[in-house]
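One structure is given here, and the rest of the page talks about it.
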Amino acid sequence: MRKKMVIGNWKMNGTVSTNSRLLQDIKDDPAVSASQIEVAVCVPFLHVPKTRAILDGSALRWGVQDVSAYREGAFTGEISADMAAEFGVLYALVGHSERRTYHGEALKTVGEKALRTIEAGIVPVVCVGETLREREDGAARETVETQLMAVLDSLTVQQAACIVVAYEPVWAIGTGRSAGASQAQEMHAFIRETLSKQATDLANTPILYGGSVKPATASELFAQADIDGALIGAAALDASQFLDIIRSAAFQALS
Ligand code: PGA
């Protein structure tokens, strides 16, 4: 049985004081330290040192929401994976749809970011997902496969065995409109099949669902065979909602 995983994506929200309070409210909850699940929060870069100071020694891990595609050099405003690793960062989101859409991240760039992340000893959470238009045109699988293959083509099989995949249909992010559990399961099964075809070692890659996950929808999603957890945006900014989702994951992992 694969471990369940719940990762919060705080995006560009909060202040040092509100985010510190949020961490304090979450970190010592027994659900967070349950051995059958892994919980992390991906915070704004500037909040990483404070997050590390608060979470050091707790079961709650921390991550970032992006890394540079480059190792170092004249890339004004960028932050490298190696820099993040110096602050105990364990996860980095790569290819989030907001980066692909608002920052023009190309397929190749996302592959390079995944590689830089792995080289730094950080686990890339590779985000893939189709737009509403692509789903309506019957091109959802093709889009997801293209995004996934661009990353797999940048990595050796050994490196690819370190990734986490997050399926986040763009039409479900921040819209309150989550994919149905069976609709999500269908795409997760396709992603697992694509990974397995690439190498049998990749069959157990954790595949998370993301897009308007709330406590009310989490348990049905987590009950699906190929849904190994969730990437949570808005609900991760509220301690009680985030903890409810974590408890659902822990419960499913036990049953
Ligand atoms: P949401 O965001 O849960 O607010 O839809 C998910 C994400 O963008 O990772």
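Among ALA184, ALA199, ALA81, whose mean-square fluctuation peaks in a Gaussian network model of the chain (Cα, cutoff 10 Å)? So, out of ALA184, ALA199, ALA81, the one fluctuating most is ALA199. Length available on full extension from ALA239 to THR18: 0.36 nm per residue minus the Cα-Cα distance, which gives 78.4 nm. If we count every other residue with Cβ under 15 angstrom of GLY174's Cβ, Lys/Arg +1 and Asp/Glu -1, where does the sum land? Neighbourhood net charge equals +2. Of all aspartates and glutamates in the structure, the ones whose alpha carbon falls short of 18 Å from that of LYS197, not counting any fewer than 8 places away in one chain, are GLU142, GLU145, ASP153, GLU186, ASP226.
The residues packed around ARG116, meaning those with a beta-carbon under 9 Å from its beta-carbon, carry a net charge of -1 if Lys and Arg are +1 and Asp and Glu are -1.
Placing unit charges on the Cβ atoms of the charged side chains and taking the dipole of the chain about its Cα centre, the candidate lying farthest along the positive direction among ILE7, PHE242, SER255 is PHE242. At the residue level, TRP62 shows approximately 20 square angstrom of accessible surface with a 1.4 angstrom probe and all protein chains present. The Cα center of region 1-64 and the Cα center of region 112-185 differ in position by 22 Å. The amide H of ILE232, built 1.01 Å from its N in the peptide plane, has ILE7, GLY8, ASN9 as neighbours under 5 Å, considering only residues 5 or more places off or on other chains. In the assembled protein chains, ARG247 presents an accessible area of approximately 100 Å² (probe radius 1.4 Å).
Multiplying the residue separation of VAL157 and ARG71 by 0.36 nm and removing their Cα-Cα distance gives an extension gain of 28.8 nm.
With all protein chains in place and a 1.4 Å probe, the accessible surface of region 4-254 carries 51 percent carbon and sulfur. Cβ-Cβ distance of LYS108 and ARG2, R₀ of 30 Å, FRET efficiency by 1/(1 + (r/R0)^6): the value works out to about 0.55. The length gained on full extension between SER219 and SER255, counted as 0.36 nm times the residue separation minus their Cα-Cα distance, comes to 11.8 nm. Dividing the summed helix terms, -39500 (n - 2.57) for each DSSP H run of n ≥ 4, by the number of residues in the chain produces a 222 nm estimate of -12500 deg cm²/dmol to the nearest 500. Hey, for a label at SER58 modelled as a point 7 Å past Cα toward Cβ, could you say which residues of region 91-129 have their backbone N under 18 Å away? Correct set: 91. Heavy atoms of the protein chains alone define the surface here; on that basis region 4-254 has 43 Å² accessible area per residue at 1.4 Å probe size. Roughly what percent of Cα-Cα pairs across the chain reach past 25 Å? Across the chain, Cα pairs with separations above 25 Å total 38 percent. Count Lys and Arg as plus one, Asp and Glu as minus one, and take only other residues whose Cβ is under 12 Å from that of PRO215; the net charge is then -1. Here LYS27 is the anchor, and the lysines within straight C-alpha reach of less than 25 Å, apart from those fewer than 8 places off in the same chain, are LYS3, LYS4, LYS11, LYS50, LYS214.
Here region 109-131 is scanned for amide nitrogen atoms under 14 Å from the site 7 Å beyond the Cα of ALA199 along Cα-to-Cβ, giving 115, 118-119. Computed about the Cα centre, the dipole magnitude for the chain is approximately 340 debye when only Lys and Arg (+1) and Asp and Glu (-1) carry charge, each at its Cβ. Couplings 3J(HN,Hα) for region 112-128, derived from phi with the Karplus relation 6.51 cos²θ - 1.76 cosθ + 1.60 (θ = phi - 60°), are 5, 5, 4, 5, 4, 5, 5, 4, 8, x, 10, 7, x, 9, 7, 8, 9 Hz, where x marks Gly and Pro. Note on GLU142 and ASP25: the model spin-label points, each 7 Å out from Cα along the C-beta direction, lie 4.5 nm apart.
The values are calculated or read from the model by the stated rules, or taken from the named source; none is laboratory data. Please read all numbers here as calculations on a predicted model, not as lab measurements. In this analysis, Cβ positions are derived from the backbone assuming ideal geometry, glycine residues included, and neighbour counts consider all displayed protein chains. The accessibility values were calculated without ligands, DNA or RNA, using every heavy atom of the protein model including side chains. Shrake-Rupley method; radii C 1.70, N 1.55, O 1.52, S 1.80 Å.
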